[in-house]
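Notes follow once the structure below has been shown.
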Amino acid sequence: MRADRRVVRGAVAVVLAGGLLTAAAFAGARWFTAGQPVAITPPAGATEQLPEGGYESSVDNETSDVHAQLESGRGWPDVHVYALPADTTWSDVTPVVGGQLEGWKQLGQCGETGRRVTTCRWEEQARWQPRTVRAVLLGPPAINPEAGYEWPDIKILIIGAGRG
């Protein structure tokens, strides 16, 4: 009788260990097949040197949102912030970013909205774990003397690229 219990326990342990190894293999395969974030070149005139100012918390919040939206559990996304000339429009940005993503699907309305924050997303046409790129253009807020800071004469472009 005792030998039978040992055999049953051993068989259960082998089955559980096999199940755990199988689950680990699938998780590892998913992790290692995730593509690297795509490197996106910003439009001409963009610089990563942002002027100092109180507006930075607004930019940091938007950058954190992009980062959180692109985090996939398979590594951190690549997120860059650029200063652009104040006369830059969304129609100047979209062809540059989208032109580097040939074969990718543009998601949502990516046209000029007239709002302070304009955003667009592209997704790779892949069967499993498509990579995603997100671009956000921030303009100056409406003039509000109570805000306590001045927005410099620039627009801010945030480009994030996530893993698959």
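All of the numbers you see were taken from the coordinates with simple rules; none came from a lab. Please read these numbers as outputs of a predicted model, since none were measured by experiment. Heads up, the Cβs are rebuilt from the backbone with ideal geometry, glycines too, and the neighbour counts pull from every protein chain shown.
Observations, loosely collected:
- The chain: most fluctuating residue of 23, 83, 68 per GNM, C-alpha cutoff 10 Å: 23
- Pairwise FRET efficiency - residue 74 versus residue 6, Cβ, R0 = 35 Å, nearest 0.05: 0.25
- Each label point was placed 7 Å from the Cα along the Cα-to-Cβ direction; for residue 105 and residue 87 their separation is 3.8 nm.
- Once the Cα atoms are used to define both axes, helix 90-99 deviates from the longest principal axis of the chain by about 40 degrees.
- Sparsely packed GluC sites (Glu not before Pro) within the range 49-156, loop by DSSP, other Cβ within 10 Å at most 10: 52, 102
- Full extension of the segment from residue 23 to residue 126, taken as 0.36 nm per residue of separation minus the current Cα-Cα distance, would add 34.8 nm.
- Top of 136, 79, 12 by mean-square fluctuation, Gaussian network on the chain, Cα under 10 Å: 12
- Student exercise, the chain dipole from Lys, Arg, Asp, Glu Cβ charges, in Debye to nearest 20: 1700 debye
- Computed [θ] at 222 nm, helices only, for the chain once each DSSP H run of length n ≥ 4 contributes -39500 (n - 2.57): -12000 deg cm²/dmol
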